[in-house]
Amino acid sequence: MQEFYNHQEIEQQTQHYWDEKQLYRITENLSKEKFYCLAMFPYPSGHLHVGHVRNYTLGDVIARYQHLKGKNVMQPIGWDAFGLPAENAAIKHNVPPAEWTYKNIDHMREQLKQLGFAYDWSREFTTCQPEYYRWEQWLFTRLVEKGLAYKKNAVVNWDPVDKTVLANEQVVDGRGWRSGALVERKEIPQWFIKITAYADELLDGLDTLEGWPEQVRTMQRNWIGRSEGLQITFPVADAAPLQVFTTRPDTLFGVSYLAIAPQHPLALASAQNNPALQKFIEECKNIEVSESALATLEKRGVNTGLTATHPLTNEEVPIWCANFVVMDYGTGAVMSVPAHDQRDFEFAQHYDLPLKPVLSANSAWDYTKTAYTERSPLINSAEFDGLAFDAAFEAIATALENKQLAERQINYRLRDWGVSRQRYWGAPIPIIYCDACGTVPVPAADLPVRLPEDVTLDGVNSPLKEIPEFYHTQCPTCGAAATRETDTFDTFMESSWYYARFASYDQNSSMLDDRAKYWTPVDQYIGGIEHAVMHLLYARFLHKLMRDEGLVQTDEPFINLLTQGMVLKDGTKMSKSKGNTVDPKLLIEKYGADTLRLFSIFTAPPEQSLEWSDSGVEGSYKFLKRLWAFSVKHQTQICSINAADRSYVNWKEQSSELQTYRRELYQILQQATFDIERLQLNTVVSAAMKLFNLLVELSHHQAKLPASEAPFVQQPVARLLNKMLVVLLRILYPITPHITTRLWKDLGYAGKMHDAYWPKMANDALDIDSINIIVQVNGKVRSKISVPAEASEDDIKALALADEKALKFIAQNTVRKVIYIPSKLINIVVSA
RNA sequence: GCCCGGGUGGCGAAAUUGGUAGACGCAAGGGACUUAAAAUCCCUCGGUAGUAAUACCGUGCCGGUUCGACUCCGGCCCCGGGCACCA
């Protein structure tokens, strides 16, 4: 062994050995339990950052641990290669997006390899390859045939100067990021997939996902936003009646106005002879598309001058046009009850609209300050007075239904998934437009629709619109000249099914095959919390679509989910724009992959954000150096112990010190096993460090012992020393696989580190003669007593009550109660 | 604005989920070794008072439940993630 820890040599040689033996190539094996471990695949932005290091280290630790437990583990890797940054880079550096992307992938692949992840590289794929995206094109054509994909108009951010559609990210303070022009809302035809048809299934499925963090399930529930309510009709003179959806029909008598979206047909019609309304609608066009922009907007509106008839009171209520009403959500019109809805309240106050309380609030309720939104019995509601929420809902619903002025309805916040992007660097939407036959999906035999890769971007239009060879085609149905769709798919399409393709990565005649049925669902999925809703919801949705095509057998794609926190430096997210990034490349050179892995696991629990610290990295490095130095020092001893015959050791006959060391070893192992099972990996490292400290202490202890007559290798202390080290190596192996693999070999342990099993507890390891009990007086720790392990509750209480220190605090007081928590504590409750 | 998290020593954190607050580590200070430095090893390390034993205070803030609260409940403050075309 080299005297000093030479991480570069160790890591290169170990990785070379893994490659040579192809240790991580995996195939289906029905005799073993499978374990599919997947960390969200990276976008090839150019360089690996420490957030990636954290993400993939977490995955690798889990994969290697599951392997030690004897599972058939698959851990694949690939590239989420389509997306906006490639187009931006193409414009900036005048290089085709494909070229830029492939170059980045080559660079990042090398960086990933240096970190020593147990990937099956033979399964690697990139989503911008036609062999991959042809299958999502195929699935999409199936959805069109099934009526689950359709085309409709939808709003986009429109830059009126550059004449281009902007992503939300490209809108800064309501203006285009390049032109600086005020962004306009523009309606264009786009493709949608009916995720709302699966809303209930996606919602109910959340209850089965017990391996997911509760917060993610809650976020998805809220995102789907199922609500039961009433769609109520308000007749309008000389116009189509207004439909509004409400979950609070109990407040119907409190309606003081209706509000419609600026894009509502009634608003547009009414604006013809209403200049003020016309102007307002124009102004509302300068709102960007994002929901947060809409929600933080100052609530404004204009009275249309029209009125609608209240369906129960027949009173005329004014119709306002308001900027906060969204056309694509619900019906584009809402009923407003200022007394019992906070947003309506604020709007009514601003425009001095009437407020009618119709719920029995506390008599002291101040309606000049805030709305009363609790569910309470009705007042001022004619025959419905006194009814509580459920009864009122029912009675009002029935009354309206009898007049055919309402329907019960279930509404979702979830909207259908718009998958059209007016961009080049994405998978072409496989649709052909024919004058005679209309919209025709590209037949399976003609797929893939290949994206031309040799292009130049001008930053305005998609190059696809300027490549006649691309968009000129024949109609597959009638053979006439026809044109292709030039929009591409949302990149969430690629990332919504890649996990399944890793099982059937080389299958060229179908999207998936039986191997996908073996490997899916993913047993452990790992990724950033920022993907809690959108990516994870779309992936769940696509899994169900694939299931309905018979391609997979389960209802959900990911059994267990670990959402890792962000990597921060100086309290903010690491990012290029903030200039606070740390380059893993330099760190790997200086400290090695094992140090980086150890640091990212040790410094914070996986789900919390991780604060980067240079001295923390140094500390992790120091630990590995100490481990190496210890091993060098004891190599001869350990090797001879490993080479010797093993005789039985009766631990009960050993010194109490030795028994204590042994018990501590197993206490630490128990903690490490408990923590790695619950994925609290930072404390697994703590356990490893504790065990190492114990090992060092034991070696000092051993040095002080008188020379024994028995040969050293047969001494119990030597056997225990060896045991501690072999447990330590296996606890550390998933986290720092290079150094442990090398030490395993150099210290003469049998077999290969890779084939070892996770250490087991010894049956008698935790047996003890006495236990320590905390003695509290009135909840404050006052003393600690040691009692025999078999002592009864009464004995322990008696001992505690007789304890000198406890007596000091009991003093003149009377003991009111004594609470005993088995094996833990006694609380003596006293008072004067 | 809405939804979801988080807040514990100088710092990263732990507390097996209502039972010893601060394990493990970093930084700092002191010491050993060394001609010296680095490396390594040993000791101290929440605050206040005290030579000490020890006592009191202490988990963002205010209040509550409990024999007992970092943990549960109510109300606030601050920080972060998401909000449908960033991925």
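Being more than 13 Å from RNA strand B (Cβ to nearest atom) and either of a type in the set (Gly, Ala, Ser) or exposed (fewer than 13 other Cβ atoms within 10 Å of the Cβ) (or both), is that true of even one residue in the range A:815-831?
Of all residues in the range A:815-831, those more than 13 Å from RNA strand B (Cβ to nearest atom) come to none.
No, the conditions are met nowhere in the range A:815-831.
Is there a residue in the range A:47-55 that is surrounded by fewer than 20 Cβ atoms within 10 Å (Cβ to Cβ), at pLDDT below 95, within 16 Å of RNA strand B (Cβ to nearest atom) and of a type in the set (A, V, I, L, M)?
No, the conditions are met nowhere in the range A:47-55.
Quick check: anything in the range A:365-379 away from RNA strand B (no atom under 16 Å from the Cβ), under 16 Å from A:VAL255 (Cβ atoms), touching a helix residue (DSSP H, G or I) at 6+ places or on another chain (Cβ under 6 Å) and outside any loop (DSSP other than H, G, I, E, B)?
The answer is yes, given that some residue of the range A:365-379 is away from RNA strand B (no atom under 16 Å from the Cβ), under 16 Å from A:VAL255 (Cβ atoms), touching a helix residue (DSSP H, G or I) at 6+ places or on another chain (Cβ under 6 Å) and outside any loop (DSSP other than H, G, I, E, B).
Going through the range A:176-198 one residue at a time, which ones are surrounded by 19 or more Cβ atoms within 10 Å (Cβ to Cβ) and in a helix (DSSP H, G or I)?
A:ILE195, A:TYR198
Looking at A:GLN243, A:GLN220, A:GLN278, which is the one that is surrounded by fewer than 18 Cβ atoms within 10 Å (Cβ to Cβ) and either in a helix (DSSP H, G or I) or within 16 Å of RNA strand B (Cβ to nearest atom) (or both)?
On the way: A:GLN243 fails: either in a helix (DSSP H, G or I) or within 16 Å of RNA strand B (Cβ to nearest atom) (or both); A:GLN220 fails: surrounded by fewer than 18 Cβ atoms within 10 Å (Cβ to Cβ).
Answer to the check: A:GLN278.
Name the single residue that is nearest to RNA strand B (Cβ to nearest atom) among those in the range A:767-792 being of a type in the set (A, V, I, L, M, F, W, C) and farther than 13 Å from A:ASP803 by Cβ.
Applying the first criterion (of a type in the set (A, V, I, L, M, F, W, C)) to the range A:767-792 yields A:768, A:771, A:773-775, A:777, A:781, A:785, A:787, A:789, A:791.
Checking which are farther than 13 Å from A:ASP803 by Cβ leaves us with A:768, A:771, A:789, A:791.
Working: A:ILE768: 13, A:ILE771: 10, A:ALA789: 15, A:ALA791: 17 Å.
Looking at residues that are of a type in the set (A, V, I, L, M, F, W, C) and farther than 13 Å from A:ASP803 by Cβ, I get A:ILE771.
So which residues in the range A:69-93 are in a loop (DSSP other than H, G, I, E, B) and either of a type outside the set (S, T, N, Q) or closer than 19 Å to A:ASN461 by Cβ (or both)?
Let us first name the residues in the range A:69-93 that are in a loop (DSSP other than H, G, I, E, B), namely A:69-71, A:75-78, A:80-83.
A:LYS69, A:GLY70, A:LYS71, A:PRO76, A:ILE77, A:GLY78, A:ASP80, A:ALA81, A:PHE82, A:GLY83, listed by residue number.
So A:HIS701 ticks every box in (1) modelled with pLDDT under 95; (2) closer than 30 Å to A:GLY592 by Cα but one. Which box is left unticked?
Status for A:HIS701: all satisfied but (2).
Please name all residue pairs, on different chains or six or more residues apart, with Cβ atoms under 8 Å, provided the first residue is in the range A:287-307 and is open to solvent by 30 Å² or more (accessible area, probe 1.4 Å) and the second residue is of a type in the set (Lys, Arg).
Once the first residue is open to solvent by 30 Å² or more (accessible area, probe 1.4 Å) and sits in the range A:287-307, its partners that are of a type in the set (Lys, Arg) give A:GLU288/A:ARG185; A:VAL289/A:ARG185; A:LYS299/A:ARG343.
Just to be sure I understand the filter: pairs with C-beta atoms under 6 Å, separated by 6 or more residues or on different chains, first member in the range A:407-418 and more than 12 Å from A:TRP223 (Cα to Cα) and part of a loop (DSSP other than H, G, I, E, B), second member within 15 Å of RNA strand B (Cβ to nearest atom) and open to solvent by less than 30 Å² (accessible area, probe 1.4 Å). Which pairs pass?
Pairs that qualify, where the first residue is more than 12 Å from A:TRP223 (Cα to Cα) and part of a loop (DSSP other than H, G, I, E, B) and the partner is within 15 Å of RNA strand B (Cβ to nearest atom) and open to solvent by less than 30 Å² (accessible area, probe 1.4 Å), are A:ASP416/A:PHE192; A:ASP416/A:ILE195.
How many residues are farther than 22 Å from A:VAL144 by Cα and open to solvent by less than 30 Å² (accessible area, probe 1.4 Å) when one looks only at the range A:437-456? Walk me through it before giving the result.
Within the range A:437-456, the subset farther than 22 Å from A:VAL144 by Cα is A:452-456.
Going one step further and asking which of them are open to solvent by less than 30 Å² (accessible area, probe 1.4 Å), we end up with A:455.
Qualifying residue count, the range A:437-456: 1.
Could you identify the single residue in A:GLY592, A:GLY616, A:GLY565 that is surrounded by fewer than 20 Cβ atoms within 10 Å (Cβ to Cβ), touching an Asp or Glu at 6+ places or on another chain (Cβ under 8 Å) and either touching a residue at least 12 places away in the same chain (Cβ under 8 Å) or not small (Gly, Ala, Ser) (or both)? Reasoning before the result, please.
Values: A:GLY592 fails: surrounded by fewer than 20 Cβ atoms within 10 Å (Cβ to Cβ); A:GLY616 fails: touching an Asp or Glu at 6+ places or on another chain (Cβ under 8 Å).
Just a single option satisfies the conditions, and that option is A:GLY565.
Sort through A:PRO584, A:PRO606 and tell me the only one that's modelled with pLDDT of 90 or more and either among the small types (Gly, Ala, Ser) or on the phi < 0 side of the Ramachandran plot (or both). Let's see the steps before the verdict.
On the way: A:PRO584 fails: modelled with pLDDT of 90 or more.
Just one listed residue meets the conditions, A:PRO606.
The values are calculated or read from the model by the stated rules, or taken from the named source; none is laboratory data. Just so we're clear, the structure is a prediction, and the values are computed from it rather than from any experiment. In this analysis, Cβ positions are derived from the backbone assuming ideal geometry, glycine residues included, and neighbour counts consider all displayed protein chains. When the accessible area is computed, the model is the full protein with side chains, heavy atoms only, and any ligands, DNA or RNA have been set aside. Shrake-Rupley method; radii C 1.70, N 1.55, O 1.52, S 1.80 Å.
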